[in-house]
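The values are calculated or read from the model by the stated rules, or taken from the named source; none is laboratory data. Fair warning: this is a prediction, and the values are worked out from it, not measured in the lab. All Cβ positions, glycine included, derive from the backbone under ideal geometry; neighbour counts span all protein chains shown. Keep in mind that these areas ignore ligands, DNA and RNA; they rest on the heavy atoms of the full protein, side chains included. Shrake-Rupley method; radii C 1.70, N 1.55, O 1.52, S 1.80 Å.
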Amino acid sequence: MNLDFSAEQNELRQQVRRFLADHCPPSGVRRVLESDAQYDSDLYAGLAELGVLGAAIPEEYGGVGLGHLELCVVAEELGRVLAPVPVASSVYLAAECLLQAGTEEQKARWLPKIAAGEAIGCWAINEGTGRMGPEKVGATVEGGRLNGTKSPVADGAIADFAIVLANDGHGLSLYLVDLASDGVSREVLSTIDPTRGQARLAFDGAPATLIGSAGDGWHIATQVMDRAAILIGFEQLGGADRALEMARDYALERMAFGRQIGSFQAIKHMLADMYVSATLARSNCYYGAWALATSAAELPIAAATVRVSATNAFQHCAKNNIQTHGGMGFTWEFDCHFYYRRSNALALALGSLSTWESLLIERMSAGNLEAAA
């Protein structure tokens, strides 16, 4: 049984890692953080040219047509360097939704643009804080016109189109909205990680076209978010591994009382705990990658498992990376806070940790009941 990526997929990993080493150093992340830019447009264009954005998009729609396993590899490498680009919003969510439920016309119009980096999509589901559920959706569509507010929306300030969940008289349905249309306004929100921008989108009679079947929006959205949770989990895994490496390297370099601080028991235990959490997350992410690539029946449980373990690992490693660096780890000049910011931002992507913990319990309980029946 092969429990690792193939030689070709690992070669892809090395290719993407070399590209990111040249085009996304920590100084590039800092430049976006310290400016009003919402993302690194040059890096995004480079990723499109490399074929990364179209990795899981079929060739007939302008993609590379590799598959979701390859996209998992890419996601991990993007997470390692905290790439300030809207790949999660545009590729993991918007493109995936179009692939799962879009019409041929919608796919032909938007997927080639996503793969080429010419258009950015966003996922406009949330309405306020707390666990998102059907009962919280206040946006409405009547006569093909959308009214309501969505917030927070990741990359909503830079997106060209949004996929929006709204009530339309048939229940909850998904709609595609061109954000250049009349009746759309945006407001940039302040967040802990400005390199992954958030916005509030307000719709006042904006033209909207249906995605999928009317009344099937919540079902489609849940499936898309489960798939995206695994890909975001790989980003978190990449970030956790890099934070662990930073802590290890500093512990081997920093001297105190004539010894490397890595020789002290407290630091050893801290690094060992970081390694355990990251390794557990990797195991669960690989399980999720299999479920995603095969559309296995276990995908909902795998998605929740990935989400919980990867979120815990990234937050744990990012926090302890700062602790290992000591007083300097808390300063703006050191890069540790980049990982702390991103770990907390991704912990809220697609719903909070407590939401996914509840989903994991609910899904496992439902599976046990089915097995008992």
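Would you mind getting me the FRET efficiency between Q15 and E118? Use the beta-carbon distance for r and R0 = 25 Å, nearest 0.05. If you can, show how the numbers build up before the last one.
Working: r = 23 Å, r/R0 = 0.90.
That gives a FRET efficiency of 0.65.
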inquiry  = For a quick check of understanding: with a 1.4 angstrom probe and all protein chains in place, what accessible area in square angstrom does E357 have, to the nearest ten?
reply    = 80 Å²
key: Two-site FRET efficiency, S27 against H170, from Cβ-Cβ distance with R₀ of 41 Å, rounded to 0.05   = 0.20
message = Can you tell me, using C-alpha contacts under 8 Å and at least 6 residues apart, the relative contact order of the range 156-280 as a whole percent?
response = 20 percent
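How long is the gain from M364 to T279 if the chain were fully straight, where each residue apart is worth 0.36 nm and the alpha carbon distance is subtracted?
On the way: separation 85, 0.36 × 85 = 30.60 nm, distance 2.24 nm.
Full-extension gain reported as 28.4 nm.
Quote the relative contact order of the chain in percent (integer), defining contacts as alpha-carbon pairs under 8 Å separated by 6+ residues.
Numbers: 696 pairs, mean separation 57.3, N = 373.
Normalised by residue count, the contact order of the chain is 15 percent.
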task = Give the cross-link partners of K268 among the lysines, using a straight C-alpha distance below 23 Å as the criterion and excluding same-chain residues fewer than 8 apart.
result = K319
inquiry  = Just to be sure I understand the model, the point goes 7 Å from the Cα along the line to the Cβ. What's the resulting K136 to W332 distance in nm?
reply    = 3.3 nm
task = About the Cα centre of the chain, how large is the charge dipole given +1 on each Lys and Arg Cβ and -1 on each Asp and Glu Cβ? Please answer in debye to the nearest 20.
result = 1140 debye
ask   = What's the carbon and sulfur percent of the range 109-249's accessible surface, probe 1.4 angstrom, rounded to a whole number?
value = 47 percent
ask   = Between S89, T149, M132, whose Cα lies farthest towards the positive end of the dipole of the range 87-196 when Lys and Arg beta carbons carry +1 and Asp and Glu beta carbons carry -1, centred on the Cα centre?
value = M132
note = Computed, not fitted: 222 nm per-residue ellipticity of the chain from DSSP H runs ≥ 4 (each -39500 (n - 2.57)), nearest 500, equal to -17000 deg cm²/dmol
note = Result for the chain: accessible area per residue, probe 1.4 angstrom, in square angstrom, of 43 Å²
ask   = Carbon-plus-sulfur fraction of the accessible area of the range 1-45, 1.4 Å probe, in percent?
value = 50 percent
note = Extension length gain for R254 and T294 (0.36 nm per residue less Cα distance), in nm, is 9.8 nm
ask   = Given the C-alpha centroids of the range 260-279 and the range 1-58, what is the distance between them in whole angstrom?
value = 29 Å
Highest-first arrangement of 86-95, 269-278, where packing means the average Cβ count within 10 Å = 86-95, 269-278
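Going through the range 252-355, which GluC sites (Glu not before Pro) have at most 16 other Cβ atoms within 10 Å and a DSSP loop state? Kindly include the intermediate steps, with their values, before the conclusion.
Details: sites: E253, E298, E333; in loops: E298, E333.
The qualifying sites are E298, E333.
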ask   = Rg/Rh for the chain: what does it come to with C-alpha atoms and Rh from Kirkwood?
value = 0.98
ask   = So how much slack lies between E59 and R186, counting 0.36 nm per residue of separation and subtracting their Cα-Cα distance, in nm?
value = 42.4 nm
ask   = How many nm is it between the label spots at T129 and S41, if each spot is 7 Å from the Cα in line with the beta carbon?
value = 3.4 nm
inquiry  = Tell me the relative contact order for the range 273-350 as a rounded percent, counting alpha carbon contacts under 8 Å between residues six or more apart.
reply    = 28 percent
